[in-house]
1. Which of the numbered conditions does PHE347 fail, given that it passes all the others? Conditions: (1) out of contact with any strand residue (DSSP E or B) (no Cβ under 9 Å at 6 or more places or on another chain); (2) buried (at least 24 other Cβ atoms within 10 Å of the Cβ); (3) modelled with pLDDT of 95 or more.
2. State whether the residues of segment 353-367 include one that is surrounded by fewer than 24 Cβ atoms within 10 Å (Cβ to Cβ) and farther than 27 Å from TYR211 by Cα.
3. Would you mind finding the one in TYR453, TYR478 that is within 17 Å of the chain's Cα centre (by Cα), in the same structural domain as PHE549 (by TED's automatic domain parsing) and modelled with pLDDT of 90 or more?
4. Looking at (1) in the same structural domain as GLY232 (by TED's automatic domain parsing); (2) surrounded by 24 or more Cβ atoms within 10 Å (Cβ to Cβ), which is the only condition LYS326 fails?
5. In the set TYR510, TYR548, which member is farther than 28 Å from THR331 by Cα and assigned by TED's automatic domain parsing to the domain that holds GLY460?
6. Quick one: is SER462 assigned by TED's automatic domain parsing to the domain that holds TYR386, closer than 25 Å to SER265 by Cα, at pLDDT 95 or above and within 28 Å of the chain's Cα centre (by Cα)?
7. Take segment 290-343 and flag every residue that is of a type in the set (Asp, Glu) and over 22 Å from LEU91 (Cβ atoms).
8. Run down GLN532, GLN496 and say which single residue is of a type outside the set (A, V, I, L, M, F, W, C) and either under 21 Å from CYS380 (Cβ atoms) or in a strand (DSSP E or B) (or both).
Amino acid sequence: MSTLGASLERSGLGVDPLRIASRRRTARCAALSTRVTIGRFPRLAQPAWHPVPPPPHATKPCLSAQRNRNVAAHSMKSAANNPPKDIEGNLIGLFEKADKSKFRFDEVISDGSYSYQKSGEEKEVEGLISDGIAEFKANPGKYVAISYQTDMTDWPEDQQKYTLFTRKGWQGLKPEEDVDGWQTWLVSSYECLPKIDLGDAADPHTDGMKYGGDKLHDPVNNPPLQPGRGMGCADIPGLKIIGDVDPNDVHQGQVGNCWLLSAISALAEFDGAVHKLFANTPGGIEDMPREAPNEYHVTLYDLSTWEPVDVVVDERLAANARNPGKLLGATPSDDGELWVCYLEKAFAVHCGGWDEINGGQCTHAWSILTGCKEVYTIRCRDDGMYSCLGKYNPNEDKWEAQHSSIKKTSRTIWPMKWPDVGAEYGGVDGEKFHEVSADDLFKKIAAWDANNYIIGAGTGGSGDDTKDTDGIVDGHAYTVLRAIEDVAGSGFDMVQVRNPHGHGELENGYWDDDGPGWDEHPSVKKALRPVQRDDGIFWMSKEEFFKYFHNIYLCAKDMSDFLRD
């Protein structure tokens, strides 16, 4: 055994110097459950006499439901500089201006139950149901659905009523179908693109995809989903591959790949980085998706050779075998950007399948996305000090062999010298490997951030996505968006973090979205411009950050160099 390996064994770290697959601190998570709420309408009994109706009653049970030296460096970063996008407002505007001929109205018979992911405005109207239907169909950009009691159309005019659901706020509104039900719904959907069969344009990957032992697709019961073609996936006007790239475009699906999605979210901070991944797509992506079959060329690195390769995928996205008609992977952004979906699909194909990306490390993803070997895992030791680890084997003086699938890559990581950027903050003494304190590590993080490095963070725990601590998910990978020392001369060192779920934030923190810190320190609020929105993005103090995050991940590549390569 090598001297280094032996010393690590005596220190209790094991014979193989250090393993990524640590049971205690692996930043991975299992599938994210889609949040669905159930609602239910009561059925009304027709009044016994007219014209004055008695109070209605329900005949069915209601069961449903930096120091500031680094601020200028953020000029490369999209989310750090751009004001928050009014996604919902912009989308509603697109619906209202959309070609009315592309709207479709589907009738559903229901027992009064319906589900939704987010609720919005609804308006109960007393009046002729036929007038309500006419209003609904005349304004499909304003309304997403209308519902009414089926037999009420035969009631006297002054006793009829209906409910209009506005598009504003509602997401995933779906009445539960029941052929023997008593309620009728009309639901509008938008077909941005015509329905087509890809034929010979289909890629060789999608039909045979599997995940968790399940064959994903069945041509009749669970076909792969084609965004914008009336299959319930991104059927919205303004559909596009890339718009204003932003970390908020990333929303994890049902695969346990938070490590990948947080890595992608960090990459999305840099204007042009995502465009570069799709640059080899024939004809360019500016006007995609098109009405004809769409094909995307995504450039990723083969870690066995460290050479870039183009992964070619068609427009179909993997459907969930256990929830037919729904996406397995990441969802399109709220404003209709599809780049995350196709990047994730290409990544899965590149690694050998969806199961190959179920669990992993941000560092591995960044190597595939950027071709960078200099990726680091910084781990908190039991004594509160932090060590720097990576894939360079000092005993053999070479990088460990890797594979694009993290399942087929050696899990051994070795003590490494800290990156040159931030070296003035401890951890470097000739050939020795030193640990650093949390205070010095934060200074390093701020220096890495100022040099356009990509940074992530991981929590401890099992990673089964069922537990959290103060809103911070256990065993989960997050993106570090910004790290700023002494904000506005206040003495506070601050970190901005993002949850790849796209929701779920620190709760009851001094600097959470509605925490007391912002009102008590207005200069900090003015400098950082916090937004009160459950979008997974939140601020933390340095002390809060190190309380919850025990692993830091780093891709030591200046992204301005990546964009010039």
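The values are calculated or read from the model by the stated rules, or taken from the named source; none is laboratory data. In this text the structure is predicted, and so the values were computed from the model without any measurement. Note that we place each Cβ from the backbone using ideal geometry, even for glycine, and neighbour counts take in every protein chain shown.
1. That leaves (1) as the condition not met.
2. No - not one qualifying residue is present in segment 353-367.
3. TYR478
4. The single condition LYS326 does not satisfy is (2).
5. TYR510
6. Answer is no for this residue.
7. Listed by number, the residues that qualify are GLU295, ASP302, GLU307, ASP310, ASP314.
8. GLN496
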